[in-house]
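Undergrad: The following block contains the structure, expressed as structure tokens.
The values are calculated or read from the model by the stated rules, or taken from the named source; none is laboratory data. Note that the structure is predicted; figures quoted are calculated from it, not measured. For neighbour counting, all protein chains shown are included, and Cβ atoms are generated from backbone atoms with ideal geometry for every residue, glycine included.
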Amino acid sequence: MLLMGINAGVIFRVVFCITHMIHSPDERGVYMRRIRNILIFCIMANTIIPFREVILSYIIR
């Protein structure tokens, strides 16, 4: 459930950055870096959270 919220937030943030890039082409580099950072965060969150769940399942047993 948490991953769906993270992924939805990533999608909305990327769309937000893309619309700002369209309206202000001078700041295109800034928004491209933000999109890159958002995607890095998404990859990290999508890999760390399942590992946490696996570790917690072994600890709780």
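Undergrad: Scan the stretch 34-61 and report the pairs whose first residue is within 14 Å of residue 3 (Cβ to Cβ) and polar (S, T, N, Q) and whose second residue is at pLDDT below 90 and surrounded by 11 or more Cβ atoms within 10 Å (Cβ to Cβ), with Cβ atoms within less than 7 Å and a gap of 6+ or a chain change.
TA: Qualifying pairs under 7 Å: 46/3.
Undergrad: Going through the stretch 1-17 one residue at a time, which ones are in contact (Cβ under 8 Å) with a residue 12 or more places away in the chain and either surrounded by 12 or more Cβ atoms within 10 Å (Cβ to Cβ) or among the small types (Gly, Ala, Ser) (or both)?
TA: 3, 6, 7, 10, 13, 14, 17, listed by residue number.
Undergrad: Going through the stretch 32-55 one residue at a time, which ones are at pLDDT 95 or above and more than 10 Å from the chain's Cα centre (by Cα)?
TA: Passing the criteria: 32, 33, 34.
Undergrad: Based on this model, can you work out whether residue 60 counts as at pLDDT 90 or above and of a type in the set (Val, Ile, Thr)?
TA: So residue 60 fails the test.
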